[in-house]
Every structure is written in structure tokens, then in C-alpha cells.
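The values are calculated or read from the model by the stated rules, or taken from the named source; none is laboratory data. Values in this document were obtained by computation on a predicted structure and should not be read as measured data. So basically every Cβ, Gly included, is an ideal-geometry build from the backbone, and we count neighbours across all protein chains shown. SASA here: full protein model, heavy atoms, side chains in, ligands and nucleic acids out. Shrake-Rupley method; radii C 1.70, N 1.55, O 1.52, S 1.80 Å.
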Amino acid sequence: KLFTEKTEKVIPYIPAGFPKLDSTQELVLAAVDAGADMVEIGMPFSDPLADGPVIQEASQVALKNGINLKLILKQVKEIRINTQIPLVLMGYINPILKYGQSQFIEDCKSSGVDGLIIPDLPPEEADSLVNVCRKSGVSLILLVAPNTSNKRIEYISNLAGNLIYCVSILGITGSGLSGQSALSDYLKRVKKYSKTPFIVGFGITTRKDVQFINTLSDGAVVGSSLIRKIQNAEKTLETVKNYIIELKGT
């Protein structure tokens, strides 16, 4: 429903259990109050592949605080009492396999999770999870990158069905955006070959970035720069709200 309307979208990424174990709910709701269109909630993992130093550090703090998948789902359930905004969990496949794939998706559904992003799940190995997600009504959001071929973009978007996530660079989170011309060519290619809407993440930090990305896609994801602001904030909730308002231009 969110992506049927062509409006500018800001999607913050907030790691669960950071900076404190019970920070998740209040940070997500602060982002919602400030006008976030969807929220990605990070599932901290000890061995992340796609995360840069800022998100890695936040994840380590969250893991030391005692965060785990069961607690994250409990927190989502509590967030759901106060908002119907789309909520997506982003994390890695190992903890999900340990939890039990089918059980995890079932618990996602009953907790109010709308979607799932798993950066280290290759599309070739995603079939069983795609099927479980489809039965439960949870969107599995698959990833494409600048080196993904046109044919593969089409295949991945068909497999995902609802939404795909474009990594803006060949690298880790927190790196700067690549040159506008190269990024623009890449996103135009995704637009041409994707069968679904697509959002863009990695390296988005300013209002200008958000405007640029939204002219070429269906939404901008902001993660590392938001976490940096939380790390340096005296008033965390106020800082989150003000930054989202700034990104939205409202």
C-alpha cells in the first residue's frame, strides 16, 4: 500500500537494543512522529557482512545490552500498539536459521512485522524463505547492487514480488554515495528492469541526498548518519526527530 503512492519517502534504520536495550520502541516512535514513512529495525549480529564501522559498533553495544531475536519481536509487538507504519527487520540469516526459519516468520507475522531484509541471503538460496514469507504475508525484500545485471535485476524483483533494496555502492554501510552520474545510470537501469518498487540505501546523509534518491527511486534509507547522531546526542529522541524532519524537509 505504501509504495502504490509516488511520494517522497524517508526510511530510517534503527538498530534494536541501541543505545539501551529498551531504546527501540521510543526511537522508532520518535521517527514515526517526525514523519518517517517506514522504519527498518536492525537485528544486531556479531559477524555482519554489509555493515560499516558505525552500524557494527551500534550492534556490538546492542548485543552487550542483551538484545536477541525474541526480544526484538517483543519490542515490535509493543511498537505496533502505537502505530501502523510499515516495519521491516534487517539482519543476517544465521540467527534466523538458529531460531528456525518457519517459526521466525510465523512470529514475525504475529508481532506485526511487514517485511524482512537479509543482505547475506543469495537469491538462489531464497526460495524456501520466499515461500514461507508469501504464505505468512511478510515481504521478503531482496537486494540488488551496481554490478547486478539487467537480467538478474528482473529475476530478483520477480522473486521478491513486492519491493527490492538497491545498495547504492559496492561497499559497506556508511560509505559516501557514489558519483551522481554513475548512481543515476544504475538506478535508471533498476527502474527499467525491476518488476517492483525499489528503495535505496548506503551513504544517504542529507536532505539533498534524499531528494535526489527519491527522484530516481521509491524511497531513501538512512542508517549510519542517524546512528552517528544518536551516539553524539544528549537528547536522543529530540535529535532523532529533528534529523528526520530535516531529511523530510518539513
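Is it the case that some residue within the stretch 148-155 is open to solvent by 10 Å² or more (accessible area, probe 1.4 Å) and not in a helix (DSSP H, G or I)?
yes
Right, LYS229: closer than 20 Å to VAL32 by Cα, without any contact (Cβ under 8 Å) to a residue 24 or more places away in the chain, open to solvent by 50 Å² or more (accessible area, probe 1.4 Å) and not hydrophobic (A, V, I, L, M, F, W, C) or not?
In short, yes.
When the residues of the stretch 232-250 are filtered to those that are in a loop (DSSP other than H, G, I, E, B) and of a type in the set (D, E, K, R), which remaining residue is least open to solvent (accessible area, probe 1.4 Å)? Spell out the reasoning first.
Step one: filter the stretch 232-250 for residues in a loop (DSSP other than H, G, I, E, B), giving 232-235, 249-250.
Narrowing the set further to residues that are of a type in the set (D, E, K, R) leaves 234-235.
Numbers: GLU234: 183, LYS235: 129 Å².
Out of the qualifying residues, it is LYS235.
Would the stretch 192-203 turn up any residue that is charged (D, E, K, R) and crowded, with 18+ Cβ neighbours inside 10 Å?
For the stretch 192-203, residues charged (D, E, K, R) and crowded, with 18+ Cβ neighbours inside 10 Å: absent.
Find the residue count for the stretch 27-71, including only residues that are open to solvent by less than 20 Å² (accessible area, probe 1.4 Å), modelled with pLDDT of 95 or more and part of a helix (DSSP H, G or I).
Counting residues in the stretch 27-71 that are open to solvent by less than 20 Å² (accessible area, probe 1.4 Å), modelled with pLDDT of 95 or more and part of a helix (DSSP H, G or I) gives 4.
Each row is one residue, and each column tells you yes or no for (1) of a type in the set (D, E, K, R); (2) within 18 Å of the chain's Cα centre (by Cα); (3) at pLDDT below 95; (4) part of a helix (DSSP H, G or I).
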| position | (1), (2), (3), (4) |
| --- | --- |
| LYS98 | yes, no, no, yes |
| ILE105 | no, yes, no, yes |
| CYS108 | no, yes, no, yes |
| LEU116 | no, yes, no, no |
| SER128 | no, no, yes, yes |
| CYS133 | no, yes, no, yes |
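Are any of the residues in the stretch 10-17 more than 13 Å from the chain's Cα centre (by Cα) and surrounded by fewer than 22 Cβ atoms within 10 Å (Cβ to Cβ)?
Kept after step one, since they are more than 13 Å from the chain's Cα centre (by Cα), are these residues of the stretch 10-17: 17.
Restricting the remaining residues to those that are surrounded by fewer than 22 Cβ atoms within 10 Å (Cβ to Cβ) gives none.
Checking the stretch 10-17: not a single residue is more than 13 Å from the chain's Cα centre (by Cα) and surrounded by fewer than 22 Cβ atoms within 10 Å (Cβ to Cβ).
Provide a single number: the residues in the stretch 197-221 that are assigned to a strand (DSSP E or B), in contact with a helix residue (DSSP H, G or I) (Cβ under 6 Å, 6 or more places away or on another chain) and aliphatic (A, V, I, L, M).
In the first step, residues of the stretch 197-221 are kept if they are assigned to a strand (DSSP E or B); the result is 198-201, 220-221.
Applying the additional criterion that residues be in contact with a helix residue (DSSP H, G or I) (Cβ under 6 Å, 6 or more places away or on another chain) yields 198, 200, 220.
Then drop every residue that is not aliphatic (A, V, I, L, M), which leaves 200, 220.
Qualifying residue count for the region: 2.
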